[in-house]
């Protein structure tokens, strides 16, 4: 799980290098990531982890932090 999280943090840092993704828990709610960032992130995550992120997974709870994203990816990999 830590490897997934570290990879996700790297992807997020490519989007916004000035954000503390290790600790941030309001990426969506705090408007740190915009809609373009989300589309880019979904594409990058899909390619990196070979998963399909369904529309029902694209909710703030799954995208507010690196931990939430890592949990979602781990869940998708288990499907």
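The values are calculated or read from the model by the stated rules, or taken from the named source; none is laboratory data. Since we're looking at a predicted model, the values are computed, not measured. Every residue, glycine as well, gets a Cβ built from its backbone with ideal geometry; the counts of neighbours run over all protein chains shown.
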Return yes or no: is residue 52 in contact with a helix residue (DSSP H, G or I) (Cβ under 7 Å, 6 or more places away or on another chain), surrounded by fewer than 13 Cβ atoms within 10 Å (Cβ to Cβ), at pLDDT 95 or above and not in a helix (DSSP H, G or I)? yes
Being part of a helix (DSSP H, G or I) and free of Cβ contacts under 8 Å to residues at least 12 places away in the same chain is the filter here; which residues of the stretch 55-67 pass it? 55, 56, 61, 62
Is there a residue in the stretch 20-33 that is part of a helix (DSSP H, G or I) and surrounded by 11 or more Cβ atoms within 10 Å (Cβ to Cβ)? no
Restricting the stretch 28-49 to residues that are without any contact (Cβ under 8 Å) to a residue 24 or more places away in the chain and closer than 21 Å to residue 3 by Cα, which is nearest to the chain's Cα centre (by Cα)? 42
